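The structure under discussion appears below in the form of structure tokens.
The values are calculated or read from the model by the stated rules, or taken from the named source; none is laboratory data. The model shown is predicted, which means the values in this text are computed figures rather than measured ones. All Cβ positions, even for glycine, are placed from backbone atoms using ideal geometry, and neighbour counts span all protein chains on display. SASA here: full protein model, heavy atoms, side chains in, ligands and nucleic acids out. Shrake-Rupley method; radii C 1.70, N 1.55, O 1.52, S 1.80 Å.
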Amino acid sequence: MTEKDTHPSSTHPPLPPTSEDDQFARLRLLRSRRVGISTYKRLLIEHGTAQNALAALPQVARAAGVENYQICPEGVVHAELKAARAIGARLVAFGSSDYPAPLKELSDAPPFLWVLGETSLLKKPMIALVGARNASSLGTRMARSLARDLGAEGYVVVSGLARGIDASAHLAALTTGTIAVQAGGVDTIYPAENTTLAEDIAAKGARISEQPIGLQPMARHFPARNRIISGLAQATIVVEAAAKSGSLITARDALDLGRDVLAVPGHPMDARASGCNMLIRDGATLVRNASDVLEALAPIAPAAAPELPMQAPKRAPKDRRTLQETAALHQQVLSRLGPSPLAEDQLIRDLGAPSAAVAPVLVELELDGVIDRAPGGLLTRAS
């Protein structure tokens, strides 16, 4: 073996732990002060093993101007492992067979995940469903409907265990599979009002976290939590979100990964819908029900894979209309609307156009104040 072969590329992620001792040393390295994920990966690559990296860490810190540096004591890691055993949590390492494949695409993928519950859910297709904590009644109903119907189609629903949209999504998907990604330790339930729900998720689904057991969540932990939510999921659906919210951070993380982002439109005067309307304006897929989500996504691969490799299914090309075609569709919609309410589905049938093409136009016209939407999906032309 050449010298080049014995030193992995700096862009290649470290291999999974090869023994319990190696796993212990890696966890100790990761828990050491000032060792983030990038530093952890670099130290493993440069020094070959976690034991060597731990031995070199004080010198590395000294070179960076940090004197009297001490690595994480062994007792701290022993205590974390003991606490995990007490609650039945399992440690899943990057590169192991149980580590979720979609999460590996993150440049800062967690080296370890604590999992409390059904580890098998991490191998199933997932959809993230996130939104406002102070969600409206309609928003929570929409979240429950989407989670229930998407779960019935074989998707595991991923969210953040927050109040509002997150809690509604988890609750509706308990019987089909749901994963709660926590900002603090996997044993630390936040908010406390979701304690019963969290216990049900651990019993029927899974709670996961990259943080040490027992860690109380702080504000800086939530953006890190959000990247895991979007990293796990094939697509992220935002139900209600303000213009500046954690849900939009999750959506941006999904976009950075090249994943689908979908949003439920809301009234332009409702601040809780402003983020969703912005996402739709910027190209996110508009969602009215689970059928819209399923239409936008590639089908789930069959459980029994064929013996011969098959080409991945291609997604249907997105509708790309010229400005002239868009203006024409606007005019067609307006010509069919008047002061008398007309059902949206009837309008779509009258136009003879695909619902995926008409729905964004209706939202644009509604946001412009040209048409009004009444309860029951009824549309009228604004006076």
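Helix 323-335 axis versus longest C-alpha principal axis of the chain: approximately 50°, rounded to the nearest ten.
Mind checking which of Leu171, Leu57, Leu197 has the largest fluctuation in a GNM of the chain, springs on alpha carbons under 10 Å? Its mean-square fluctuation being the largest, the pick is Leu57.
Please state, as a whole number in µm²/s, the translational diffusion coefficient that the Stokes-Einstein equation yields for segment 1-156 at 4 °C and 1.567 mPa s, with Rh defined as the Kirkwood radius across alpha carbon pairs. Provide the component values of the computation, followed by the final result.
Working: Rh = 18.4 Å.
It diffuses with D of about 70 µm²/s by this estimate.
Protein heavy-atom accessible surface, 1.4 Å probe, per residue over the chain: 51 Å². In a simple Cβ point-charge model (Lys, Arg +1; Asp, Glu -1; nothing else charged), segment 26-155 has a dipole of about 220 debye relative to its Cα centre. Considering only the other residues whose Cβ falls under 11 Å of the Cβ of Leu294, what net charge follows from Lys and Arg at +1 and Asp and Glu at -1? With Lys, Arg at +1 and Asp, Glu at -1, the net is -4. For segment 141-189, the pair-distance distribution built from all alpha carbon pairs, in bins 5 Å wide starting at 0, is 5, 27, 31, 20, 11, 6, 0 percent. Please report, in debye to the nearest 20, how large the charge dipole of the chain is about its Cα centre when each Lys and Arg carries +1 at its beta carbon and each Asp and Glu carries -1 there. The dipole magnitude comes to about 440 debye. Computed with every protein chain present, the accessible area of Ile45 is close to 30 Å² [probe 1.4 Å].
When the solvent-accessible area of segment 66-216 is split by element, carbon and sulfur atoms take up 49 percent of it, the probe being 1.4 Å. Rounded to the nearest 10 degrees, the angle from helix 20-30 to the longest Cα principal axis of the chain is 70 degrees. Taking the dipole about the Cα centre of the chain, with the C-beta of Lys and Arg at +1 and of Asp and Glu at -1, give me whichever of Ala169, Ala183, Ser355 is farthest to the positive side. It is Ala183, whose Cα lies furthest towards the positive end.
Antiparallel beta bridges, as assigned by DSSP with both residues in the chain, represent about 40 percent of the total such bridges. Considering only the other residues whose Cβ falls under 10 Å of the Cβ of Gln234, what net charge follows from Lys and Arg at +1 and Asp and Glu at -1? So the environment of Gln234 carries a net charge of 0.
Using a cutoff of 8 angstrom between alpha carbon atoms and counting only pairs six or more residues apart, the relative contact order for the chain works out to 11 percent. Whole-percent P(r), segment 171-283, all Cα pairs, 10 Å bins from 0: 14, 38, 37, 11, 0.
Each principal axis of the Cα cloud of the chain was taken in turn, and the coordinate range along them, longest first, works out to 77, 50, 47 Å. Here the Karplus curve 6.51 cos²θ - 1.76 cosθ + 1.60, taken at θ = phi - 60°, turns the phi angles of segment 289-296 into couplings of 6, 5, 4, 4, 5, 5, 5, 7 Hz, with x standing for Gly and Pro. The C-alpha atoms of the chain define a longest principal axis, and helix 246-256 lies at about 80 degrees to it. For Asp345, the accessible area of its heavy atoms, probed at 1.4 Å with every protein chain present, is near 90 square angstrom.
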